[in-house]
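What follows draws every value from the coordinates through simple rules; no lab data is involved. All values reported here derive from a predicted model rather than from experimental measurement. In this analysis, Cβ positions are derived from the backbone assuming ideal geometry, glycine residues included, and neighbour counts consider all displayed protein chains.
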Amino acid sequence: MYAIIETGGKQYKVTEGDIINIEKIDNKESVTFNNVLMVSEGDKVSLGNPFLTSVKVTAEVIDNGKAKKVLVFKQKPRKGYRKLRGHRQQFTKVKIKSINIK
């Protein structure tokens, strides 16, 4: 069984026991995802319009961290203009505990 959830403007395909990195959230212990787009149980597939109201995915927060640095380099030709910026996106690592279907 797997589900497709939406959080932080992104969509993730998850199964029970998966560990994924999502956009940073402030909750320290557990998270419930209500924005479930699709659930598949073997051959049975349920699609939401846009979300399934009877399905919830629960997860345990493992850690908060920062991703690797992404360098952004700007340059204008023949003008002597160069700018280097770095960015580290914050994330929350979660472990999917269960996919609950009512």
Legend entry - Some residue of the range 34-57 being among the aliphatic types (A, V, I, L, M) and closer than 14 Å to residue 95 by Cα: yes
Legend entry - Counted residues, the range 24-60 - those being loosely packed, with under 13 Cβ neighbours inside 10 Å and out of contact with any Lys or Arg (no Cβ under 7 Å at 6 or more places or on another chain): 14
Legend entry - Among residues of the range 26-57, those that are over 14 Å from residue 1 (Cα atoms) and either in a loop (DSSP other than H, G, I, E, B) or among the β-branched types (Val, Ile, Thr) (or both), counted: 15
Inset, instruction - Go through the residues of the range 64-76 one by one and say whether even a single one is touching a residue at least 40 places away in the same chain (Cβ under 8 Å), in contact with a strand residue (DSSP E or B) (Cβ under 9 Å, 6 or more places away or on another chain), closer than 19 Å to residue 2 by Cα and assigned to a strand (DSSP E or B). - result: no
Inset, instruction - Looking only at the range 1-21, count how many residues are under 19 Å from residue 48 (Cβ atoms), assigned to a strand (DSSP E or B) and not small (Gly, Ala, Ser). - result: 10
Legend entry - Count of the range 77-102 residues which are out of contact with any strand residue (DSSP E or B) (no Cβ under 7 Å at 6 or more places or on another chain) and of a type in the set (Lys, Arg): 3
